[in-house]
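The structure appears below as structure tokens.
The values are calculated or read from the model by the stated rules, or taken from the named source; none is laboratory data. What you see is a predicted model; the values in this text were computed from it and never measured. All Cβ positions, even for glycine, are placed from backbone atoms using ideal geometry, and neighbour counts span all protein chains on display. Just so you know, the surface numbers come from the protein's heavy atoms only, side chains and all, with ligands and any DNA or RNA stripped out. Shrake-Rupley method; radii C 1.70, N 1.55, O 1.52, S 1.80 Å.
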Amino acid sequence: MRKKYSLAFKHQVIKEALKEQSFSKTARKYGLSALTIYRWAREYKQGKQTEILQEK
């Protein structure tokens, strides 16, 4: 079963990864896959997470 992460957590991780310029380092810090963070960042940039923001 896949874990579900809150949008706030995803945004925090994306922000840190972009600031550090290292998805791998940020992934290790949070125990995530670098590919997961990359996918979250791509979806965020494409605006796919804006619908989730409106659910809050």
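Tabulated data
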quantity	calculated
Value at 222 nm in deg cm²/dmol, rounded to 500, when DSSP H runs of n ≥ 4 in the chain each add -39,500 (n - 2.57)	-21000 deg cm²/dmol
Accessible heavy-atom area order of SER33, SER22, highest first, probe of 1.4 Å	SER33, SER22
Surface share of carbon and sulfur [accessible, 1.4 angstrom probe, percent] for the chain	51 percent
Rg over Rh [alpha-carbon atoms, Kirkwood Rh] for the chain	0.96
Largest to smallest accessible area among LYS48, LYS19 [probe 1.4 Å]	LYS19, LYS48
Proximal lysines to LYS29, defined as alpha-carbon separation beneath 22 angstrom and excluding residues fewer than eight positions away on the same chain	LYS3, LYS4, LYS10, LYS15, LYS19
Unit charges on C-beta of K, R, D, E only; dipole of the chain, Debye	160 debye
Potential lengthening between LYS3 and LYS19 on full extension [0.36 nm per residue; Cα-Cα distance subtracted]	3.3 nm
Among PHE23, ALA41, HIS11 the positive-end extreme of the charge dipole of the chain (Cβ point charges)	PHE23
In order through the stretch 15-30: 3J(HN,Hα) via Karplus (6.51 cos²θ - 1.76 cosθ + 1.60), integer Hz, x for Gly, Pro	4, 5, 4, 5, 5, 6, 6, 8, 5, 5, 5, 5, 4, 4, 4, 9
